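Here the structure comes first, spelled out in structure tokens, and everything after it is commentary.
What follows draws every value from the coordinates through simple rules; no lab data is involved. On a predicted model such as this, the values are computed, not experimentally measured, just so you know. Positions of Cβ are generated from backbone atoms using ideal geometry, with glycine treated the same way; all protein chains shown enter the neighbour counts.
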Amino acid sequence: MINLERFNQIKKEADSFHATLVAVSKTKPLADILELKKNGQKDFGENYVQELTEKQEQCTDVNWHFIGHLQTNKVKYIAPFVHLIHGVDSESLLKEVNKQGEKSGKVVSCLLQLFIADEETKFGLSFPEAEQLLNSDLKKQFPFVDVCGLMGMATLTEDEHKIRSEFKSLRMFFERFKSANFQTLSMGMTSDYPIALEEGSTMIRIGSAIFGERNYKK
Ligand SMILES: *Cc1c(COP(=O)(O)O)cnc(C)c1O
């Protein structure tokens, strides 16, 4: 069940920070997506390739974001239509996105995922790894990829100070590379988006607050 009141409230908050709201619809039925679309939502996020491609086939006129961990061998399924890939965390993945972008005749927009959390399980590049990539000539190496920003996930904790300092570190790194073509900072989910917005997020990814709790964790 969609919580339209929460959706409208979060949308308003995001707007007031000039941030984009990505509605994370993973595990949720197409009907929910269509209902939210009717209420003006344009950006949707999924984190499993098969689920994304199935939903995209039935709902083509929205911006589909891939927010999960992307395996190299699955890039080909989403490259033709994906609006933004949030979780690029290796050079080999960039290489594959470039290859599939070329095949589809389009430049694929991507964010580099940075590891900012104090947890074992989250994917992402370290700051030095990302720095090395961003200092290389990505445009020349990967002409069919547009690396237009960064993404990160804070530690799942009640400690607001810790979350804030993790977002802050990502924001500070982002500022060093910010340019006309590098403007997107994807950070903040249901539990921590207000902090993320305060710390400079330009894109929040919200699932459970809008769609309700998921039955199984993905
Ligand atoms: C599931 C997911 C979200 C949304 O999580 P909620 O806590 O339900 O808002 C955001 N980002 C990523 C990468 C996710 O996998």
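Before moving on, here are some points about what is shown:
- The radius of gyration of the Cα set in segment 69-159, together with its Dmax, comes out at 13.5, 45 angstrom.
- Length-normalised contact order of the chain in % [C-alpha pairs under 8 Å, at least 6 apart]: 23 percent
- Cα gyration tensor shape for segment 112-216, rounded if a/c is under 1.5, else prolate or oblate: prolate
- Here the chain carries DSSP beta bridges of which approximately 5% are antiparallel, counting only pairs with both residues inside.
- Comparing 135, 152, 212 along the charge dipole axis of segment 106-218, the residue lying farthest to the positive side is 135, per the Cβ-charge model.
- Residues of segment 154-187 falling in the label zone of residue 139, defined by backbone nitrogen less than 20 Å from a point 7 Å along Cα to beta-carbon, are 174-185.
- Segment 1-97 gives an Rg/Rh value of 0.99, both radii derived from C-alpha positions and Rh following Kirkwood.
- Shape analysis of the chain yields a ratio of the Cα radius of gyration to the Kirkwood radius, Rg/Rh, of 0.94.
- Relative counts (whole %) of C-alpha pair distances in segment 1-46, using bins that are 10 Å wide: 27, 60, 13
- For the options 69, 161, 83, a Gaussian network treatment of the chain with springs between C-alpha atoms closer than 10 Å singles out 161 as fluctuating the most.
- Counting Lys and Arg as +1 and Asp and Glu as -1 over every other residue whose Cβ lies under 12 Å from the Cβ of residue 2, the net charge comes to +1.
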